[in-house]
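Structure first, then comments.
The values are calculated or read from the model by the stated rules, or taken from the named source; none is laboratory data. Please read these numbers as outputs of a predicted model, since none were measured by experiment. Reconstructed Cβ throughout: ideal geometry from the backbone, glycine too, with neighbour counts over all protein chains shown.
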């Protein structure tokens, strides 16, 4: 059981890294792309916003499709689409073409966001599922820790277009791995014929479920804070603090390290103290440190060292929240796990993209607007957790 769980975690995590790599490896190049294509920072950020938009909406397709035909075919199709988008991005000559290519990447990358969560639900529930999700996040943690550094290296050798060539090659490797190492986890007798009536019936069950919606949006506001950081940090760190792309990559890795390090404690802590308590603790830590950082920023104390340290601990709290909320949201919906995973993922991505759009007009090149948006997301996540988890069983 132990070796099987670890093997599954590694395979699913490597596939799941496709989406994060498309963001994290791309980030150091964002200011360079803006200069190279002669556009403003806000226009360059559209390459992130449209990726999130496609990434979120496409999950509504992959989840039900995976419930109907099994898990593997949608993975193959999604990864192929992602590879095509990567090649297109490498050849793009205008910001419009690059944005369109990023949209295509998002359409493909959504498959390996939603389907691994459904595979986890096929195989495990409860603490074992949380443990597997945490193991996956441990492997995925390589992305924010190493992807920006890898991106900086590729950019130095080949320019920003080489980043997308690397993504295309890595995606082809993932297709081979999915074919050779990942078994089908949804047998034909458990597949659900999908039609609009059945899809709408399942969606109504989920949309009317207070626990599902509450847990989904707790994670959504947490993810939104990360999307805000991803969108604005390259410009803040490079322009406001005069960091090189490599130095930015190191700072980004430290900030993200808190999240992924703490995510490994979510399963063991949930088993010992209940998932409900762990999520509340995480929300309090997340909101406490990010609010303190914003207050410090309003007083003029948001130095690079302060931002790095406080975001590390704030993201550590978030690392307890995200895997726990994902597992708890799906626990009562095993018969429609694909739809539940895709709907939850879509809502979270849309909230994240909306947060970037809303925060955009306030961005002035300094860190304060970014810190304010992150603190607001954390406060919303905490407030919703206090309401949602109040009704959760004490043993959950």
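Data for the structure
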read-out: Qualifying positions in the range 234-280 - outside any helix (DSSP H, G or I) and more than 21 Å from residue 218 (Cα to Cα); value: 241, 242, 243, 244
read-out: Total residues in the range 1-37, condition touching a residue at least 24 places away in the same chain (Cβ under 8 Å), surrounded by fewer than 19 Cβ atoms within 10 Å (Cβ to Cβ) and in a loop (DSSP other than H, G, I, E, B); value: 1
read-out: Odd one out for residue 9 among (1) farther than 30 Å from residue 239 by Cβ; (2) in contact with a helix residue (DSSP H, G or I) (Cβ under 8 Å, 6 or more places away or on another chain); (3) at pLDDT 80 or above; value: (3)
read-out: Every pair of residues 6+ apart whose Cβ atoms lie under 7 Å, when the first sits in the range 352-366 and is closer than 15 Å to residue 240 by Cα while the second is modelled with pLDDT of 85 or more and surrounded by fewer than 21 Cβ atoms within 10 Å (Cβ to Cβ); value: 363/369
read-out: Unique match (being over 26 Å from residue 377 (Cα atoms) and not in a helix (DSSP H, G or I)) among 157, 149, 186; value: 186
read-out: Within the range 67-92, considering residues that are without any contact (Cβ under 8 Å) to a residue 60 or more places away in the chain and within 23 Å of residue 8 (Cα to Cα), the one surrounded by the most Cβ atoms within 10 Å (Cβ to Cβ); value: 78
read-out: Of the criteria (1) surrounded by fewer than 21 Cβ atoms within 10 Å (Cβ to Cβ); (2) touching a helix residue (DSSP H, G or I) at 6+ places or on another chain (Cβ under 6 Å); (3) in a helix (DSSP H, G or I), which one residue 64 fails; value: (1)
read-out: Test: residue in the range 330-344 that is under 18 Å from residue 267 (Cα atoms), at pLDDT below 90 and either crowded, with 16+ Cβ neighbours inside 10 Å or touching a strand residue (DSSP E or B) at 6+ places or on another chain (Cβ under 7 Å) (or both); value: yes
